[in-house]
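*Asks:* Here it is: the structure, laid out below.
The values are calculated or read from the model by the stated rules, or taken from the named source; none is laboratory data. What you see is a predicted model, and the numbers here were worked out from it, not measured in a lab. Cβ coordinates were reconstructed from backbone atoms using ideal geometry, including for glycine residues, and neighbour counts include every protein chain displayed.
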There are 2 protein chains.
Amino acid sequence: MTDTQARKPTGTVWDVETDVIVAGAGCAGLAAALGAIERGAETLILERTGGWGGASAQSGGLLYLGGGTTLQQACGVNDSPEAMAAFLRAATGPGPNIEKIDIYCDRSVDHFDWLVSCGVPFKAELYDEPGWEPSGDQGLMYCGGENAYPFNTLSEPAPRGHVPQMTGKRTGVKGGGWMLVHHLAKMAGLRGSSINYDSSIERLVVDDSGIVTGVIARRYGTEQAIRARRGVVLATGGFVFNDDMLSEHAPHLLGRLKLGTDGDDGRSIRLAQGLGAAVARMSSAEAAISVDPRLLVRGLLVDGTGQRFINEDSYPGRIGQKAMTEHDGEIFLLLDEAGYDEDAARSFGLGLSWVGADAAELEAEMELPKGVLQATVDVFNSHAEAFGTDPAFHKDPKWVRPLSGPIGAIDLRLGEMTFATFTLGGLDTTIDGEVRHVDGHLIEGLYAAGRTTSGIPATGYVSGTSLGDATFFGRRAGAAAGLR
Amino acid sequence: MTDTQARKPTGTVWDVETDVIVAGAGCAGLAAALGAIERGAETLILERTGGWGGASAQSGGLLYLGGGTTLQQACGVNDSPEAMAAFLRAATGPGPNIEKIDIYCDRSVDHFDWLVSCGVPFKAELYDEPGWEPSGDQGLMYCGGENAYPFNTLSEPAPRGHVPQMTGKRTGVKGGGWMLVHHLAKMAGLRGSSINYDSSIERLVVDDSGIVTGVIARRYGTEQAIRARRGVVLATGGFVFNDDMLSEHAPHLLGRLKLGTDGDDGRSIRLAQGLGAAVARMSSAEAAISVDPRLLVRGLLVDGTGQRFINEDSYPGRIGQKAMTEHDGEIFLLLDEAGYDEDAARSFGLGLSWVGADAAELEAEMELPKGVLQATVDVFNSHAEAFGTDPAFHKDPKWVRPLSGPIGAIDLRLGEMTFATFTLGGLDTTIDGEVRHVDGHLIEGLYAAGRTTSGIPATGYVSGTSLGDATFFGRRAGAAAGLR
């Protein structure tokens, strides 16, 4: 990519024309295509790989939705848009994207219905254990630490993780994310969207007044000039697979496990920046910690100094973010015999690295400075024994009991495998997916969605907010482009 | 600012012509002007306010230099470029700017001599106490935690904070930063640079091939088109005074004390971004903690949970960054009678907020969860008593002694006044100040320096690296523009 902007579009001979071009066939791009089609726009999706799906199809499929969706109602769950917004404002900060959160929560019930209308199946059953994903095909779960401190003090907790049901022969092979994009792709096709595979956007074409009028795409080695009469929607994912961009913006992610596809190279972000587009939160990232949350809640998590730093029943993505960025990824999980579950440990390839007859012996085995880890266990135990509470870090009383007998530690400093990361920063867009120029005006004809943008998961992350944001604002971006 | 790019420069009628335009008359801009003049270029500085100085003139004037400067030699200090580079690579990460660090350290001795040749005075005397600035007019000090863990294990510590001497009637009124820019401004004038005050850049002018050919400036309400035959150097500071940009990139800085001038509104960064310029580390910031380092080293610093998180003899800017971004700014300094120094406390308007007969009583007074702060003090004391060491956080043994008798706590949760901040992110530039486009090419004719760029203080900060980087790479940017 040597030029991000074709400056003489008056000379451009268009090979293809359509109303709306959507770049990327993950869930954001597919939702954008559907949004454009709903506005009567002829729509062409350009997908770099040989098939739809992107990073969305690899994911667990959680969509963070609420406010009283039909699924929540069917599971007997009470929720309100206000409670949902209060949680997201707190959990995605500092600096939550208030405008996006508010409209997202306000229209979340409708968005769920729209996903169902696109054919995405959800089973009306609540999974009520701590976990990254449901154990089976349950459709609803807690997935952001709503029911843990400090969020349980801010608004009424409700499970808001909506998980597409894995059905048919695919069960056990494909996950909820695959089901989500499968149905969106199928519906986009049924409703008349075209899709060009093996087609990557190389440049944005702008006219003399700076309006985006199309793209130069490369297909099977040949450049194609494609005109978009109404607009171009960029939805090609984030940039976790671009180490140069990580070096510039988020060096703490270098060398970590990357979640996504190698298409997550930030191309769309850079193409838009070439037109003066503003970016936001480029250092933000999710850092999912690769350990079973059922183990976390039963243990004490300490950092390299032997001190605790968070309530272990918090959202494990939040634990991962804190551990990676604030504690250099140096963390250990302490468990006694009653808390250790070999199956849960093995499911993530983990085991005990050290065992001691008590905390003093354990800290010696771990070669930690004498006394710190002992004090951590003693203080926790003293409150657990006397009151069954955890006043220092506010773990829910249901998980609080003293560690007793021999104590073991799981080494979670597993280097690049412990933290599974993807980027949260990207283009600065309006609630209609319009891309903002650094001087504040909107770049006419240009829209973006999904992790190409900075969205609901602004600084903090919550499971399901990426797919939720991508489909909700993707559809809106497509609709806005389709109406232009 | 409604348009960052004049797209029809062929129609531009130039009001003024020169070789090199420098925007901003802080130390980066003044060094750039000198660099351009040294290459024989006619140079015009555009300064938005009514006088030179900018944020540089408000600062303490520390320049982080070393490798064996004549000042270090005169103070009997051994240093090497390698030791300096090893320290800066560790202290400014994660993701240090290796290329800039290496040339900066390699040529630091020359840069010091150049500053002296510009008339900047330095007194050959070492100040050997912990502090933000020397107590008097000493010219050299430790200023980055070189002599504290972990940096003292990486390379030979050396004092590298070079402080311009306050001389004449200005002593006690103006600081070292004022002396630095005073002499640079005087020398720039003597060597023939022109300067237009009350002159702000509104737009960059580019020709049809994307080369920057000049600027549109506003002076006393009138627009002026100024041609730069060779180049434009942007050096108008960072963006800590632009809350919209903080919201986008560094929301944790909102509501904190800002260091700089209201000219630090990121204008130059946005102007260059309008041309597709790449930015880096936009979330990075210094957060100087407003407390006397002589108090810090004598106490125990705990966060809102009652636990320690850093060696108290570390560089206080590092303590501030950690406290603000990783501990929500919730910190307290514990001191016993032997450690408390009322004068040092008062100099920052501080005093003891709570006192207890022992740690147990103190934590009750502070309404902290029972046992955590006690354990923190007990564990520290047990090692201090037995071995005079601090194995958990590695405070230098010279500051390690058990806290005894009544213990008091200074409340450092002083809200917006505790952390004095400025931004470290900005334009992505080469070691010659050339501005990189997001697609990797250099934007011809455009240069930048100082906190308009992402420089040596990449993620971590060290006192003196901002002025050091600004003058060193400012001069190089001016020279590169002057030679074009």
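*Asks:* Is there a residue being of a type in the set (Gly, Ala, Ser) and away from chain A (no Cβ under 13 Å) anywhere in the stretch B:251-266?
*Replies:* yes
*Asks:* Further question: What residue, of B:Pro406, B:Pro402, is farther than 23 Å from B:Phe473 by Cβ and either in contact (Cβ under 8 Å) with a residue 40 or more places away in the chain or more than 14 Å from chain A (Cβ to nearest Cβ) (or both)?
*Replies:* Going through B:Pro406, B:Pro402 in turn, the sole match is B:Pro406.
*Asks:* When the stretch B:374-390 is examined, which residues are found to be of a type outside the set (D, E, K, R) and surrounded by 16 or more Cβ atoms within 10 Å (Cβ to Cβ)?
*Replies:* B:Gln374, B:Ala375, B:Thr376, B:Val377, B:Val379, B:Phe380, B:Asn381, B:His383, B:Ala384
*Asks:* Any chance you could count how many residues in the stretch A:147-176 are at pLDDT below 95 and touching a strand residue (DSSP E or B) at 6+ places or on another chain (Cβ under 9 Å)?
*Replies:* 3
*Asks:* Filter the stretch A:376-397 for residues that are more than 9 Å from every other protein chain (Cβ to nearest Cβ), of a type in the set (A, V, I, L, M) and in contact (Cβ under 8 Å) with a residue 60 or more places away in the chain and give the result.
*Replies:* Answer for the stretch A:376-397, where residues must be more than 9 Å from every other protein chain (Cβ to nearest Cβ), of a type in the set (A, V, I, L, M) and in contact (Cβ under 8 Å) with a residue 60 or more places away in the chain: just A:Val377.
*Asks:* With the checklist (1) under 30 Å from B:Leu246 (Cβ atoms); (2) surrounded by fewer than 22 Cβ atoms within 10 Å (Cβ to Cβ) in hand, flag the one item B:Ser314 doesn't pass.
*Replies:* (2)
*Asks:* When you scan the stretch B:390-446 for strands (runs of 3 or more DSSP E) that lie fully inside it, which ones turn up with 3 or more residues that are closer than 27 Å to B:Ile310 by Cβ?
*Replies:* Here the list reads B:407-411, B:419-423.
*Asks:* Taking strands (runs of 3 or more DSSP E) that do not extend beyond the stretch B:206-318, which have at least 3 residues that are modelled with pLDDT of 95 or more? So that I can check it myself, show each step before the final result.
*Replies:* Numbers: elements: B:212-219, B:222-234, B:285-289, B:300-303.
Passing ranges, in order: B:212-219, B:222-234, B:300-303.
*Asks:* Before we move on, is A:Val462 within 14 Å of chain B (Cβ to nearest Cβ), outside any helix (DSSP H, G or I), buried (at least 24 other Cβ atoms within 10 Å of the Cβ) and at pLDDT 95 or above?
*Replies:* For A:Val462, the condition - within 14 Å of chain B (Cβ to nearest Cβ), outside any helix (DSSP H, G or I), buried (at least 24 other Cβ atoms within 10 Å of the Cβ) and at pLDDT 95 or above - is not met.
*Asks:* Determine whether the stretch B:339-355 contains at least one residue that is modelled with pLDDT of 95 or more and either in contact with a Pro (Cβ under 6 Å, 6 or more places away or on another chain) or assigned by TED's automatic domain parsing to the domain that holds B:Gly95 (or both).
*Replies:* Checked against the condition, which is being modelled with pLDDT of 95 or more and either in contact with a Pro (Cβ under 6 Å, 6 or more places away or on another chain) or assigned by TED's automatic domain parsing to the domain that holds B:Gly95 (or both), the stretch B:339-355 yields at least one hit.
*Asks:* Working carefully through the options A:Leu63, A:Leu115, find the one that is assigned by TED's automatic domain parsing to the domain that holds A:Val462 and out of contact with any strand residue (DSSP E or B) (no Cβ under 6 Å at 6 or more places or on another chain).
*Replies:* Being assigned by TED's automatic domain parsing to the domain that holds A:Val462 and out of contact with any strand residue (DSSP E or B) (no Cβ under 6 Å at 6 or more places or on another chain) holds for just one of A:Leu63, A:Leu115, which is A:Leu115.
*Asks:* Next question, about the same structure. List pairs: first residue in the stretch B:30-44 and crowded, with 23+ Cβ neighbours inside 10 Å, second residue among the polar types (S, T, N, Q) and assigned to a helix (DSSP H, G or I) anywhere in the structure, Cβ distance under 6 angstrom, at least six positions apart or on different chains.
*Replies:* B:Ala31/B:Thr471
*Asks:* For the condition touching a residue at least 24 places away in the same chain (Cβ under 8 Å), within 14 Å of chain B (Cβ to nearest Cβ) and aliphatic (A, V, I, L, M), what is the one hit in A:Ala225, A:Ala277, A:Ala235, A:Ala288?
*Replies:* Just a single option satisfies the conditions, and that option is A:Ala277.
*Asks:* Right, something else. Any idea how many residues of the stretch A:360-375 are among the hydrophobic types (A, V, I, L, M, F, W, C), within 13 Å of another protein chain (Cβ to nearest Cβ) and in a helix (DSSP H, G or I)?
*Replies:* Looking only at that region, the number is 5.
*Asks:* Continuing with the same structure: Testing A:Arg476 on (1) without any contact (Cβ under 8 Å) to a residue 12 or more places away in the chain; (2) surrounded by 23 or more Cβ atoms within 10 Å (Cβ to Cβ); (3) charged (D, E, K, R), one condition comes back false. Which one is that?
*Replies:* Failed condition: (1).
*Asks:* While we're here: Taking the options A:Ala74, A:Ala55, name whichever one is buried (at least 20 other Cβ atoms within 10 Å of the Cβ) and more than 14 Å from chain B (Cβ to nearest Cβ).
*Replies:* Exactly one of A:Ala74, A:Ala55 is buried (at least 20 other Cβ atoms within 10 Å of the Cβ) and more than 14 Å from chain B (Cβ to nearest Cβ), namely A:Ala55.
*Asks:* So B:Leu296 fits all but one of (1) closer than 30 Å to B:Ala480 by Cα; (2) more than 14 Å from every other protein chain (Cβ to nearest Cβ); what number is the exception?
*Replies:* Failed condition: (1).
*Asks:* Return the residues of the stretch B:426-472 that are among the hydrophobic types (A, V, I, L, M, F, W, C) and within 14 Å of the chain's Cα centre (by Cα); say none if nothing qualifies.
*Replies:* We begin by selecting, within the stretch B:426-472, every residue among the hydrophobic types (A, V, I, L, M, F, W, C); these are B:427, B:431, B:435, B:438, B:442-443, B:446, B:448-449, B:456, B:458, B:462, B:467, B:470, B:472.
Of everything in the stretch B:426-472, those that are among the hydrophobic types (A, V, I, L, M, F, W, C) and within 14 Å of the chain's Cα centre (by Cα) turn out to be B:Ala449, B:Ile456, B:Ala458, B:Val462, B:Leu467, B:Ala470, B:Phe472.
*Asks:* Still on this model: Of all helices (runs of 4 or more DSSP H) completely enclosed by the stretch A:78-132, which ones contain at least 1 residues that are within 14 Å of another protein chain (Cβ to nearest Cβ) and without any contact (Cβ under 8 Å) to a residue 12 or more places away in the chain?
*Replies:* Per the criteria, A:98-106.
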